[in-house]
């Protein structure tokens, strides 16, 4: 069986995820693996169309496509995202059609599901037969039981592929809705106190819907908005996965994203992201910027800042993207403003952009409640940073300073209460009385809290 591996790690041959491919190659001698390091070679692929065509030709002749990637910032790395865009931009998706495919990821299992959902959607968008992906913890290969399960899973997937037992298609074939050209009026300047508003956007031609929405939004303020376009000076590359930032939160890539833009984001009262939608998510260059936010990703420095989102493209058709935008705001404890998109008529776009600017000026955004994303994410990172404090000393210091190490075994009062209740509940008579009035006892502390209002 000939398997083409699309390696989406920026580290190329030095990828941790690629070691899992090496394990498959060693244990499945009847399979031949050909690997393309598309993330590490992105610059070359952008400049040399023939190299991309060579990869697609190999895909056309293979029996199976295996996506291999580390999870970066809730999705695939921005470099892999950009590779997918290149395939679509150059009209080469037919080379992937009807090929069976599966995705393999490594991570600490933080939003691995959304990364797999993205690649599953891309695979079906290209008319591939997409098997459910497999998410490995980055250390699974080092332990016998998870290693056995991982190897058994792909042995089973390859067997089903040989038998042509394709999975049922998950997504409906939809024709993307192309938003109409927006004609927006000159904005009326709002009044309000000075606020530090930072706008981050892709580089846009002036005659695009996104450029017009950005111009209208900026014109609503009685002061200059700090606008950073993600050109080469601002963003030289995506995240390299080098962990250089783990010691002191200083990025190895020297550009504005690591310097002036990062400082502006730290000091901002409100942050606004503006980007086009490419394939089924924000475009690859913006995703590379998001990946570079790993430098502060473990430390919630955005807490309390408003997050505005302005997009061009069919967001209503992209459930996974809508979910991720909500999750990104929740994880940063940021009130989400928008998203505003060009799917709506011009008068509605004007109303929403004006309302977003007004909320920022008045500092009137509604603070979100903590959700599963916030609470679950913090517990994952709490445990990860604590157990890897030698590798992430900067995050470790931050977590200690802000008392994020709230392990339940440290709560001695709760432990003593549980011990006392366990002893009491061991007595049948006590247990009978308590359970007969359990609902009443559950309500008592809430009723007392209401009485104090």
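Can you give the FRET efficiency to the nearest 0.05 for residue 43 and residue 429, using r as the Cβ-Cβ distance and R₀ = 60 Å?
Values: r = 75 Å, r/R0 = 1.26.
The calculated FRET efficiency here is 0.20.
Along the Cα→Cβ direction, 7 angstrom out, place labels at residue 248 and residue 449. What is the inter-label distance in nm?
With each label placed 7 Å out from Cα toward Cβ, I get 4.5 nm.
By how many nm would the segment from residue 2 to residue 401 grow when fully extended, if each residue of separation counts as 0.36 nm and the alpha-carbon distance is taken off? All intermediate terms of the calculation are to be shown ahead of the outcome.
On the way: separation 399, 0.36 × 399 = 143.64 nm, distance 5.22 nm.
Using 0.36 nm per residue and subtracting the Cα-Cα distance, I get 138.4 nm.
Does anything in region 183-210 have its amide N under 15 Å from the 7 Å Cα→Cβ label point of residue 347, and if so which residues?
Residues 183-185 qualify, since their backbone N sits under 15 Å from the label point.
Where both partners of a DSSP beta bridge lie in region 3-100, what percent of those bridges are antiparallel, to the nearest 5?
Details: 1 of 10 bridges.
Counting only bridges with both partners in region 3-100, antiparallel ones make up about 10 percent.
Let me check against my output: what whole-number percent is the relative contact order of region 302-377, with C-alpha pairs under 8 Å and at least 6 apart?
On the way: 88 pairs, mean separation 29.1, N = 76.
After rounding, I find 38 percent.
In whole angstrom, note down how far apart the Cα centers of region 148-225 and region 237-256 are.
When both Cα centres are located, 25 Å separates them.
Tell me, what is the percent relative contact order of the chain, built from C-alpha pairs under 8 Å that lie six or more residues apart? Mind dumping the intermediate values first?
Values: 698 pairs, mean separation 57.7, N = 453.
Over the chain, the number comes to 13 percent.
With the crude spin-label approximation of a point 7 Å out along Cα→Cβ, what separation in nm comes out for residue 410 versus residue 388?
Result for the modelled spin labels: 2.0 nm.
Can you tell me which of 94-102, 22-30 comes out highest on packing, and rank the rest after it, using the mean Cβ neighbours within 10 Å? Don't skip to the answer; put the middle values down first.
Details: 94-102: 18.9, 22-30: 12.8.
The peptides rank, most packed first, as 94-102, 22-30.
Pull out a ≥ b ≥ c, the square roots of the eigenvalues of the alpha-carbon gyration tensor of the chain, then state rounded if a/c is under 1.5, prolate if not and a/b is larger than b/c, and oblate in the remaining case. Working shown, then result.
Details: a/c = 1.70, a/b = 1.08, b/c = 1.58.
Oblate shape, in that a/c is at least 1.5 and b/c is the bigger or equal ratio.
Rounded to the nearest 5, what % of the DSSP beta bridges within the chain are antiparallel ones?
Working: 3 of 45 bridges.
Around 5 percent of the beta bridges assigned by DSSP in the chain are antiparallel ones.
Take residue 224 and residue 166, extend 7 Å from each Cα along the Cα→Cβ direction, and tell me the distance between the two endpoints in nm.
According to this spin-label approximation, the distance is 5.6 nm.
Order of 236-242, 13-19 by packing, highest average Cβ count within 10 Å first? Walk me through the intermediate numbers first.
Working: 236-242: 19.9, 13-19: 17.1.
Most protected by this proxy first, the peptides run 236-242, 13-19.
Taking a ≥ b ≥ c as the square roots of the eigenvalues of the Cα gyration tensor of region 190-293, is the shape rounded (a/c under 1.5), prolate (a/b larger than b/c) or oblate?
On the way: a/c = 2.53, a/b = 1.37, b/c = 1.85.
Oblate shape, in that a/c is at least 1.5 and b/c is the bigger or equal ratio.
Once each part is reduced to its C-alpha centroid, what is the distance from region 385-440 to region 99-137 in angstrom?
36 Å
Pulled fully out, how much extra length does the chain show between residue 205 and residue 109, if you take 0.36 nm times their separation in residues and subtract their Cα-Cα distance?
That works out to 30.8 nm of additional length.
Could you work out the relative contact order of region 197-362, using alpha carbon pairs under 8 angstrom and six or more residues apart, expressed as a whole percent?
On the way: 242 pairs, mean separation 41.7, N = 166.
Once divided by the residue count of region 197-362, the mean separation gives 25 percent.
Determine the percent antiparallel among the DSSP beta bridges restricted to region 197-362, to the nearest 5. Mind dumping the intermediate values first?
Numbers: 2 of 22 bridges.
Counting DSSP beta bridges with both partners in region 197-362, the antiparallel share is about 10 percent.
Specify whether the C-alpha gyration tensor of region 409-451 places it in the rounded, prolate or oblate class, a ≥ b ≥ c being the square roots of the eigenvalues: rounded for a/c under 1.5, otherwise prolate if a/b is larger than b/c and oblate if not. Please report the intermediate quantities before stating the final value.
Working: a/c = 3.89, a/b = 1.08, b/c = 3.61.
Oblate.
Just so you know, all these numbers are worked out from the coordinates, no wet-lab data involved. These numbers come from a predicted model, not from an experiment. Counting neighbours? That spans all protein chains shown, and the Cβs are built from the backbone with ideal geometry, glycine included.
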